[in-house]
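Let me begin by presenting the structure, written as structure tokens, before commenting on it.
The values are calculated or read from the model by the stated rules, or taken from the named source; none is laboratory data. Just so we're clear, the structure is a prediction, and the values are computed from it rather than from any experiment. Note that we place each Cβ from the backbone using ideal geometry, even for glycine, and neighbour counts take in every protein chain shown. All accessible areas refer to the heavy atoms of the entire protein, side chains included, with ligands and DNA or RNA removed. Shrake-Rupley method; radii C 1.70, N 1.55, O 1.52, S 1.80 Å.
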Amino acid sequence: VQLQASGGGLVQAGGSLKLSCAASRSIDSAIAMYWYRQAPGNQRELVASITRIGSTAYSEPVKGRFTISRDNAKNTMYLQMNNLKPGDTAVYYCNVVFKDGARWGQGTQVTVSS
């Protein structure tokens, strides 16, 4: 299974971006799906998660601004990011947990200028 993350870019503070994570196979059986991010010099941190039944969770810094979703018909997960802040600058990675293991996408850079 391959995951292709896209949608990153450069945006001004207060702007929005929508990240996508497309899987090369069906995500119907995915146990859970995650977005992580890693800023320079920092550890990778969990940003948002969505379960097979659609339950979502968010880290405190992004709660109320980010929305995770999945479209099983398109084998794609999304991260809608609104009211972006310079502190959101990082490489964003998608992670999908299947019964036979977890897979990582290659990462997409998000840069928020002040």
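The residues in the stretch 92-114 that are in contact (Cβ under 8 Å) with a residue 60 or more places away in the chain, open to solvent by 20 Å² or more (accessible area, probe 1.4 Å) and over 19 Å from L10 (Cα atoms) can be counted, and the count is 4. Please verify whether the stretch 24-40 includes one or more residues that are within 11 Å of the chain's Cα centre (by Cα) and β-branched (V, I, T). For the stretch 24-40, residues within 11 Å of the chain's Cα centre (by Cα) and β-branched (V, I, T): absent.
Assess whether K18 counts as being more than 20 Å from R103 (Cβ to Cβ), touching a Gly at 6+ places or on another chain (Cβ under 6 Å), surrounded by fewer than 15 Cβ atoms within 10 Å (Cβ to Cβ) and among the basic types (K, R). Steps first, answer last, please.
On the way: more than 20 Å from R103 (Cβ to Cβ): yes; touching a Gly at 6+ places or on another chain (Cβ under 6 Å): yes; surrounded by fewer than 15 Cβ atoms within 10 Å (Cβ to Cβ): yes; among the basic types (K, R): yes.
Judged against the criteria, K18 is a match.
Filtering the stretch 37-86 to residues that are open to solvent by 30 Å² or more (accessible area, probe 1.4 Å), of a type in the set (A, V, I, L, M, F, W, C) and under 29 Å from S114 (Cβ atoms) leaves L46, A57.
Scanning the stretch 1-14 for residues that are in a strand (DSSP E or B) and small (G, A, S) gives A5, S6, G9.
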